[in-house]
Every structure is written in C-alpha cells, then in structure tokens.
Amino acid sequence: MTDDVISRPSNRNVPFAFDRLRNRRMIDEKGCHRWLGALNTSGYATIRLDGKLRLAHVVAWELDHGRKPIGVDCHHVCERKDCINPRHLLALTKSEHKRLHLAQKAGA
Ligand SMILES: [Zn+2]
Ligand SMILES: [Zn+2]
C-alpha cells in the first residue's frame, strides 16, 4: 500500500460509509433523513467506521465536502439531531455555532 492511499482515508471510506448511511435512514415528510441506527446520549446519530465511533451526520457531511476541519461543527438547520441529510447541515465554527444556539434558545 502506498503513502498516497493511506493519506486519503476519507476517500477510501466513501463507498462503504455511503452505503451504510443510505441503508440506515428513514426520510420523513420534512426531507430529514432520520437515523435508524444508534444514537449517542445527546441524541446524535452515531456510526462505527474503522473501529471509531463517529457522528453519522458529520460523516454524511464529509461525503460531500471532504474531511471536516478541526474546530468546525456541523449544525442542524432542521433542528433534528438524528437527521443525517447533508443539505440540512451548516458548517460553522464552534463559537458561531454556540452563538446561534444561544440565540435560538433566547428566541424560543
Ligand atoms: Zn433534517
Ligand atoms: Zn447546532
């Protein structure tokens, strides 16, 4: 195996992750892809990839955008934590994300 292949783990995992994400969701009337697999204690969808427990919505986002940079969060615009539809996700810095949630809370 060359260094080239090892340095691109997300590419190598794409078909595998893609199938697993597609097979474990239920699309609801709002177009949310509700995760049918395991959720973590915070209610987020989780998937085991390469022996690591990952957030399924982040993996779905990475299929479209490539590796998520450190310090970036994938925010659910639809406000459904178990949704893995990449179109419902917005990449924000952690501080932007926190501010948005505080604003949402204040408005509720
Ligand atoms: Zn959604
Ligand atoms: Zn959020």
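Against the conditions (1) modelled with pLDDT under 90; (2) touching a Pro at 6+ places or on another chain (Cβ under 9 Å), CYS74 satisfies every one except (1). Here LEU36 meets each of (1) over 22 Å from ALA91 (Cα atoms); (2) within 16 Å of ligand 2 (Cβ to nearest atom); (3) not small (Gly, Ala, Ser) with one exception, condition (2). Return the only residue of LEU90, LEU63, LEU55 being within 11 Å of ligand 2 (Cβ to nearest atom) and either in contact with a Cys (Cβ under 6 Å, 6 or more places away or on another chain) or of a type outside the set (Phe, Trp, Tyr) (or both). It is LEU90. If the condition is being part of a helix (DSSP H, G or I) and either of a type in the set (Phe, Trp, Tyr) or under 11 Å from the mean Cα position of the chain (by Cα) (or both), then the stretch 66-108 contributes PRO86, ARG87, HIS88.
The values are calculated or read from the model by the stated rules, or taken from the named source; none is laboratory data. Just so you know, these numbers come straight off a predicted model, no measurement behind them. When we count neighbours, we look across all protein chains shown, and the Cβ atoms used for this are built from the backbone with ideal geometry, even at glycine.
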